[in-house]
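What follows is one structure encoded as structure tokens, with my remarks underneath.
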């Protein structure tokens with residue numbers, strides 16, 4: 001189906017979603033939202049304040065999934081091509 005990787009840091013700091021991957025046959029099924037939600041739940045358990053991730057600016061499908069999950073573009077990495085997104089955790 002798919003997998004996601006979460007890099008946690010110290011409580012009170014942001015964590016980072018390193019990757020979300022779905023098999024092609026499962027894309028568009030809502031499973032990406034479930035993987036992102038699982039990362040968010042784990043980050044909250046770890047006491048993290050926010051989640052960050054990076055995505056290629058031309059990866060419209062991934063960018064859409066992250067924005068629907070509440071992430072917002074915060075910066076473009078130097079050299080272009082990669083956007084940094086962030087979501088505060090309540």
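The values are calculated or read from the model by the stated rules, or taken from the named source; none is laboratory data. Keep in mind that this is a model prediction, so the values were computed, not measured. Glycine also receives a Cβ, built like all others from the backbone with ideal geometry; neighbour counts cover every protein chain displayed.
Scoring residue 80 on the criteria (1) more than 14 Å from the chain's Cα centre (by Cα); (2) assigned to a helix (DSSP H, G or I); (3) in contact (Cβ under 8 Å) with a residue 12 or more places away in the chain leaves a single failure, condition (2).
Taking segment 1-63 as the region of interest, the strands (runs of 3 or more DSSP E) fully inside it that hold 1 or more residues being under 23 Å from residue 80 (Cα atoms) are 14-22, 50-56. When 43, 69 are checked against the criterion of being over 15 Å from residue 5 (Cβ atoms), touching a residue at least 24 places away in the same chain (Cβ under 8 Å), buried (at least 16 other Cβ atoms within 10 Å of the Cβ) and within 14 Å of the chain's Cα centre (by Cα), 69 stands alone in meeting it.
Conditions tested, residue by residue: (1) touching a strand residue (DSSP E or B) at 6+ places or on another chain (Cβ under 7 Å); (2) modelled with pLDDT under 95.
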residue: 23; (1), (2): yes, yes
residue: 26; (1), (2): yes, yes
residue: 36; (1), (2): yes, yes
residue: 45; (1), (2): no, yes
residue: 81; (1), (2): yes, yes
residue: 88; (1), (2): yes, no
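Checking each residue in segment 23-57 for being more than 26 Å from residue 78 (Cα to Cα) and touching a helix residue (DSSP H, G or I) at 6+ places or on another chain (Cβ under 6 Å) picks out only 32.
Filter segment 8-21 for residues that are surrounded by 13 or more Cβ atoms within 10 Å (Cβ to Cβ) and more than 16 Å from residue 63 (Cα to Cα); which is modelled with the lowest pLDDT? Among those residues, the one meeting the criterion is 9.
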